[in-house]
Amino acid sequence: MSNDVDVMVLDDESMVCERLRDPLVEKGYRVETFTDSQSALERLAAKHFDVVVTDLKMKGPTGLDLLHHLRTEAPTTQVIIITGYATIESAREAEYGGVYGFVTKPFKIKELMAMVAKAARKAVRARGREPQP
Amino acid sequence: MLPFLRRLLRRRTGTVGFLRERLERFHDLVEKNNSVLELIAEAGEMLGGEYVFDIQYLRSLANRTRTSCQGVVDDLNLITNGRYPRLHDIVSRLSAEIDAIVEGRIVATQAEYVLPLDHLDETMVDTVGSKMARLGGIRRHLDVQVPRGFAVSTYACQVFLSENGIIDEVETAFASAGPHDAEALEERSRRLQKRVLSAKLPRPITKAIERAIKHLVRTTGCRTLAVRSSALGEDGELSFAGQFYTKLGVAPREVLEAYREVIASMYSAPVMAYRQSRGIHPARGLMAVGCLCMVPARSGGVMYTLDPVRPGEGSLKVTVVRGLGKPVVDGSTEADRFTLARSDPHTVIERRLAHQPEMLALSPSGTVEVVSVAEQSASTSAVSDLELEHLAAVGLSIERYMKCAVDIEWAIADDSSLNILQARPLRISKEPRLGQKPAGVVDRYPTIMKDKGEVACSGVACGPVVIVDDSEPLDVPNGSVLVAHASTPHLSTAVPHASAVITDVGTTTSHLATIAREYRVPTIVDAGNAREVLAGVDVVTVDADSNVVYRGQIDELLHRHLMRSSTFEDTNEFRMLRRILRRVAPLNLRDPHSRDFTAEGCSTYHDVIRFAHEKAVQELAEGDWLEPSHNARCVYRLDLALPLDLVLVDLGGGLSADCTGRKRVDEASICSIPLKALIEGLTTEGVWETDPISMDPNAFMASATRAAPWINTPASRPQNNLAIISDQYVNLNLHLGFHFNIVDCFIGESRNDSYIYFRFAGGVTELRRRERRAVLLGKILESYDFVVETRGDMVTARIKKIPHEAMLTRLQMIGRLIGFTRQLDIVLSAEETVNVYLERFLKGRFGSFGPPSGGQDNGRTA
């Protein structure tokens, strides 16, 4: 199934993108990484992603902005938010916006992989029900 | 921890004021001490490759460790009336260094000005730069020839630049923010280089360098040296390859001048422009310098252990010239080019010979000169196929050691010996991107183990299986996959040589796991029955990224790992964490009796908290409130048949009422329920072995920090011991010989309030025996339902919310355990002895320690 799943990773720290790309690709996902949230938003306007893994606090549009955009434009996309210690409150706010899950830095890659796998299954099921624009 | 003590101290108004304040501070000190220990363990695990962390985490780590450590020092100084002000300076210095690291600035570790190459390895990157640290590691850990020499440290560079005002000048010159134009950079480059070249080297540095040269010349007979840069690679030193200066054929009397020239190359215009383009301060930096004997090279060149453009093809690239290899590095001449198979016997796949009419050679006096090559030799190969084969084998052993594809500078001397001059990670083309894991390929190989145990260090490696016996000295071939029962530090010396490590038992926070991460050796611990499963297996591929072990060598997986290895450990955050931890985690002060156990001797946060805890307990246990003048009516010395030298501080109801006004009390006066239970355990017949145990000198000497006081010292040597008690509470700090126990316990009316916290650390022997004892303690405590955490030789155990009687049973057991295990590290000479003593304890057979029947004595314990 993972061969049909598109995953976006967005974090303004390139280390996070670098660390997540290879394990995701190895699982068979099609992966695109972004360190600039504006470029990520533009890409989301052009292409459907099943799972978006995004940092919460970034320069430019934040992870919450991205989430709100996706809720209206791509409701089947599952969003996983990466948070730091100091951003838990914002993360709770995001919860109401229908985010799939949270991981708090530092986190184990294996745990994120498990979450992405579940989110991907949910996205594919939802995609099956709702035709994409 | 200790939640009850704080409440108790607030409630009891009868306690003498100054004592109450000190006890509150002591309580704080212990809490902060524990929080630093937990942070150290947590941060160590981050280095294993399993976690993603960011700069925020590093900032938070820096803040949390500093805050706790400063708190510990504040508490100690309050307890001791400001006796250790020097500790504030040490914490301030360490925290300033750590802050600088987090801010991306380069900081030199305080060190000797000059260090011999034989003393270096990768753990000393901050001191001698990556290039020399790596070369030292290769010389020390591989059977590979490296020229003799020494490194002038980054600290020497810092002192040199600082004393000449050059660091200040750099700051002033680049004070204005924003990019600096090329012309301005050129001008500053000229000025800074001129300043360095004309600066006076401080006399101690000059003397240290001259002394090292003299020793080198006397012991090797070398006439000239290569003086090489070894910068701290804040941006991945790959990027600076070739941009710093290396001077060859330097006569001993010219080394100081060459040293200045190499340092000055930090400020060359191209280097500063490059740094600026990467968003790094153009001129902030430090450099170590390597001075190595020149090799009279018959031929030399460069080898890449993987084709950087087509890494999937499984070939090595070798470029060769006659004479010194410098023209290959410079790219200034035509060279012979070879493509070799990575697989044994490394046959030549492709050869392109160049016409080489001239070469660079060492003259008899040691200077470098251009000489003509005889016409009949100019178009023949500068190396034989046999030499190429040997070169490839050595290159791949270095690749296994460095855990990545490597770029190696080498030379074959006139006597045909192969010398490695430099080795650094090879930058592999990022394209094409890695694809999906080659499931089809992997499926062809039998899976021997999958998802067993925990990954202590990620990575992929391959090698022959070597099952090691923990009791035997380790002499294993380089590149082996070590399989052992436990992750004891016994294995540590072999880890740098290993391609991977697998253990049946152990934790990701053990000392061995730390060493594995330091050397980036893929490691799986606690795999259950690895020794059994891997017995008789020849070669395996260990994929610690996915926690799978395959039978055979899977080149596709190994290549994939080589291609990606630059993305993990080479990230800024990872390097920063390593640097931070070098200032936080190592424990150098272990023996409180040692002359080095001083505030000045603390060189890491761990040293600081260890020192502070020791001195705080000493102060509380030996405080002058036992003197009548203080009239501290709650402090007593406990008379016991055991030499515990225990001071009791009774915060209420811990002793019978008739103790008032006395200074000494006996066991019968104890009303504190938990202390009574502990003492009952401690005084159980047979658990307190008072005869000194004969010491195995090998085990003893292996413990470098342990000093002579142990000799002829009874194990019962009294030390500073302290118990803070009430009717339902005990906080016991018990130092017995070289061991430290903390018991914190409250037995409440309701079982929901009751808890026991127990911590044990220390010992007199080498670390592996102490770790064995930690394993034994862990097993015993777990059998009594404690939640146990073992880190190195430290055991922490917790239990709570159990019935009153069960609490007492466990406290008695802890009492027995403290007595029983005091000297056990000495007799735990082999892994098997752990179970023998476990059984003895559980069956109540305490008695005298001798070589246990059934356990391997290995002939080392008398």
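Results, tabulated for the structure shown:
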item	result
Options B:R275, B:R284, B:R337; residue that is open to solvent by 10 Å² or more (accessible area, probe 1.4 Å) and either touching a residue at least 60 places away in the same chain (Cβ under 8 Å) or of a type in the set (S, T, N, Q) (or both)	B:R284
Tally of residues being surrounded by 20 or more Cβ atoms within 10 Å (Cβ to Cβ) and either more than 10 Å from chain A (Cβ to nearest Cβ) or not in a loop (DSSP other than H, G, I, E, B) (or both) across the range B:52-62	5
Candidates B:M132, B:M46 - the one that is within 14 Å of chain A (Cβ to nearest Cβ), crowded, with 20+ Cβ neighbours inside 10 Å and in contact (Cβ under 8 Å) with a residue 24 or more places away in the chain	B:M46
So B:T65, is it in contact (Cβ under 8 Å) with a residue 24 or more places away in the chain, more than 30 Å from B:P282 (Cβ to Cβ) and more than 14 Å from every other protein chain (Cβ to nearest Cβ)	yes
Any hit, the range B:51-58, residues being at pLDDT 90 or above and in contact with a helix residue (DSSP H, G or I) (Cβ under 9 Å, 6 or more places away or on another chain)	yes
Residue count for the range A:42-72, restricted to those that are without any contact (Cβ under 8 Å) to a residue 40 or more places away in the chain and over 12 Å from the mean Cα position of the chain (by Cα)	13
Condition check for B:L94: away from chain A (no Cβ under 14 Å), under 19 Å from the mean Cα position of the chain (by Cα) and surrounded by 17 or more Cβ atoms within 10 Å (Cβ to Cβ)	yes
Failed criterion for A:E26 (all others in (1) more than 13 Å from chain B (Cβ to nearest Cβ); (2) over 15 Å from the mean Cα position of the chain (by Cα) hold)	(1)
Some residue of the range B:104-122 being of a type in the set (D, E, K, R) and within 24 Å of B:L58 (Cβ to Cβ)	yes
The range B:662-683: number of residues that are assigned to a strand (DSSP E or B) and closer than 18 Å to B:L651 by Cβ	2
Hits in the range B:183-209 - residues which are open to solvent by 10 Å² or more (accessible area, probe 1.4 Å), closer than 22 Å to B:T109 by Cα and assigned to a helix (DSSP H, G or I)	B:R203, B:P204, B:T206, B:K207, B:A208
Selection within the range A:29-57 - touching a Gly at 6+ places or on another chain (Cβ under 9 Å) and within 14 Å of chain B (Cβ to nearest Cβ)	A:T54, A:D55, A:L56, A:K57
Test: B:V476 is part of a strand (DSSP E or B) and either on the phi < 0 side of the Ramachandran plot or modelled with pLDDT of 70 or more (or both)	no
Of all residues making up the range A:18-39, the number that are part of a helix (DSSP H, G or I) and either more than 21 Å from A:L64 (Cβ to Cβ) or open to solvent by less than 10 Å² (accessible area, probe 1.4 Å) (or both)	10
Those residues of the range A:69-116 which are within 14 Å of another protein chain (Cβ to nearest Cβ), part of a helix (DSSP H, G or I) and at pLDDT 85 or above, in sequence order	A:I109, A:K110, A:E111, A:L112, A:M113, A:A114, A:M115, A:V116
Every pair of residues 6+ apart whose Cβ atoms lie under 9 Å, when the first sits in the range B:367-394 and is over 22 Å from B:V406 (Cβ atoms) while the second is hydroxyl-bearing (S, T, Y) and assigned to a loop (DSSP other than H, G, I, E, B)	B:T367/B:T224; B:V368/B:T224; B:E369/B:S363; B:V371/B:S363
Single residue of the range A:1-12 satisfying the filter (among the acidic types (D, E) and open to solvent by 30 Å² or more (accessible area, probe 1.4 Å)) that is nearest to the other protein chains (Cβ to nearest Cβ)	A:D12
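The values are calculated or read from the model by the stated rules, or taken from the named source; none is laboratory data. Fair warning: this is a prediction, and the values are worked out from it, not measured in the lab. Heads up, the Cβs are rebuilt from the backbone with ideal geometry, glycines too, and the neighbour counts pull from every protein chain shown. Accessible surface is based on the protein model in full, side chains and every heavy atom, while ligands, DNA and RNA are left aside. Shrake-Rupley method; radii C 1.70, N 1.55, O 1.52, S 1.80 Å.
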